């Protein structure tokens, strides 16, 4: 027990964000660590993700399935305490994403307490204790639609008053390339705060950044091997293009917040175990 505790304490310091990473985060709003997680870990999580996808598909097709909800002709469905977002192609039975997801499989929920995630987050946010804000699983199947450029903060701000203290991490479960819909980020865009969304169109469009009004750097493609992690600010503009490959581009997204706050859309706190 003592040896395990000492190893964890050493690991937290070993994994903390270094000076160059903190400098890049402050200037660009993000940084990337490649191959943070092993192939063995990734295989376990990919299997769990596919298990969950199959179970959600089955439940959605059952006679007593929850009703579909439509927002701007996009399909949503609440299943097993998770909001399932279906792929935007009409008639597709592919799941685009689900939020939250950690509670859906025993191999997934321990991820949030991994020091390779919370140790960098703690040094970026300058906090001793953290809590989980939200968690989302993206599938990005072949022919999966693009996701428009946006900031997370306008979406989070609907229920959160401390969006400046949120940090997200996207964990690539698969190699991420331009052809399979990798994340694109606009460096330095977090310095502008919450920007204007698209007006006069759909409800969801208001949560997408009005790029006709934005003046800043061009977006950069975040290509990286499977197991890599992108640590990014809630205000940074990001999006993705369609998946034109024959393989999925799956990713987990976790968002941390200061301890003492409830998990998003719940009345419970999920403190990170350090």
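For region 232-249: of the residues being surrounded by 22 or more Cβ atoms within 10 Å (Cβ to Cβ) and touching a helix residue (DSSP H, G or I) at 6+ places or on another chain (Cβ under 6 Å), which is nearest to residue 26 (Cα to Cα)? Among residues in region 232-249 that are surrounded by 22 or more Cβ atoms within 10 Å (Cβ to Cβ) and touching a helix residue (DSSP H, G or I) at 6+ places or on another chain (Cβ under 6 Å), the one nearest to residue 26 (Cα to Cα) is 233. Residues in region 69-86 that are modelled with pLDDT of 95 or more and in a loop (DSSP other than H, G, I, E, B): 80, 81. Regarding residue 181, is this residue in a loop (DSSP other than H, G, I, E, B) and surrounded by 14 or more Cβ atoms within 10 Å (Cβ to Cβ)? So residue 181 passes the test.
Only residues that are assigned to a loop (DSSP other than H, G, I, E, B) and surrounded by 18 or more Cβ atoms within 10 Å (Cβ to Cβ) were counted in region 128-178, giving 11.
Filter region 189-218 for residues that are touching a helix residue (DSSP H, G or I) at 6+ places or on another chain (Cβ under 6 Å) and part of a loop (DSSP other than H, G, I, E, B); which is nearest to residue 258 (Cα to Cα)? Explain how you work it out, then say what you get.
Looking only at region 189-218, we keep the residues that are touching a helix residue (DSSP H, G or I) at 6+ places or on another chain (Cβ under 6 Å), and these are 194, 197-198, 207, 216.
From what's left, part of a loop (DSSP other than H, G, I, E, B): 194, 198, 216.
Values: 194: 20, 198: 30, 216: 30 Å.
For region 189-218, the residue satisfying everything is 194.
Could you look through region 87-123, keep only residues that are in a helix (DSSP H, G or I) and under 15 Å from the mean Cα position of the chain (by Cα), and pick out the one that is surrounded by the fewest Cβ atoms within 10 Å (Cβ to Cβ)? Reasoning before the result, please.
Our first condition is that a residue be in a helix (DSSP H, G or I); within region 87-123, this holds for 102-104, 109-113, 115-123.
Those still in the list that are under 15 Å from the mean Cα position of the chain (by Cα) too: 102, 109, 111-112, 117-118, 121.
On the way: 102: 19, 109: 16, 111: 18, 112: 20, 117: 24, 118: 26, 121: 24.
So, considering only residues that are in a helix (DSSP H, G or I) and under 15 Å from the mean Cα position of the chain (by Cα), the one surrounded by the fewest Cβ atoms within 10 Å (Cβ to Cβ) is 109.
Of the strands (runs of 3 or more DSSP E) contained entirely in region 219-274, those carrying at least 1 residues that are at pLDDT 95 or above and within 13 Å of the chain's Cα centre (by Cα) fall at 229-233, 238-240, 251-258.
The values are calculated or read from the model by the stated rules, or taken from the named source; none is laboratory data. Quantities reported herein were computed from a predicted structural model and do not represent experimental measurements. Please note: Cβ atoms are built from the backbone with ideal geometry, for glycine as well, and neighbour counts cover all protein chains shown.
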